[in-house]
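The values are calculated or read from the model by the stated rules, or taken from the named source; none is laboratory data. From a predicted model like this one, the values you see are computed outputs, not experimental measurements. Note that each Cβ is placed from the backbone with ideal geometry, even for glycine, and that neighbours are counted across all protein chains shown.
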Amino acid sequence: MNQEQNIEEQLWSYIDGHSSSEERSLIDKLLQSNLEWKNKYHELLEIHQLMNAAELEQPSLRFTKNVMEKIAQYSIAPATKNYINKRIIWGIAAFFITLITGFLIYGFAQIDWNAQSDSSLPVDLSQVDFSKIFNNNFVNGFMMVNVLLGLVLLDRILANKRKKYQQQG
């Protein structure tokens, strides 16, 4: 299969006139002596002549105008700046930044920085009691505030959707 592709590539270069004079003389010799090369050459030459004889179809002169009129019938989507409320994005970002910051502050507050251990970490993770972390009034209050902020954000999103739906209908 690879040899056949190689023969076709060389013959196409020969037919198109892209081969060097050395390659042309070698291919001439192969065409005279080798039946496979000769058959493949006649086959490719016939394809080449058919391709040159075929006329390319040209679209009508009104084709571009027809396409543009068809496209103009559809409504163009507004720019994202028009339909994305930046306050919602900032609210979501503030929610997650507050959540991450709160957990980091609480986590660092729980570390005993004076403890001596054999590991390179200042905290012995095997002795961390996670029930203390999530059974603390500070964490419970922090989580309640975050859930409340999330619900307020969801309410605003749904109210904006409801307002847009009522304006359209």
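Evaluate the range 4-24: report whether one residue or more is loosely packed, with under 12 Cβ neighbours inside 10 Å and of a type in the set (Lys, Arg).
No: the range 4-24 contains no residue that is loosely packed, with under 12 Cβ neighbours inside 10 Å and of a type in the set (Lys, Arg).
Does any residue of the range 34-55 turn out to be modelled with pLDDT under 80 and either surrounded by 10 or more Cβ atoms within 10 Å (Cβ to Cβ) or not in a helix (DSSP H, G or I) (or both)?
Yes, the range 34-55 contains at least one residue that is modelled with pLDDT under 80 and either surrounded by 10 or more Cβ atoms within 10 Å (Cβ to Cβ) or not in a helix (DSSP H, G or I) (or both).
Condition first: within 20 Å of PHE103 (Cβ to Cβ) and either of a type in the set (Gly, Ala, Ser) or under 33 Å from the mean Cα position of the chain (by Cα) (or both). Now tell me which residues in the range 148-169 satisfy that.
If the condition is that a residue be within 20 Å of PHE103 (Cβ to Cβ) and either of a type in the set (Gly, Ala, Ser) or under 33 Å from the mean Cα position of the chain (by Cα) (or both), then LEU149, GLY150, LEU151, LEU153 are the ones that fit.
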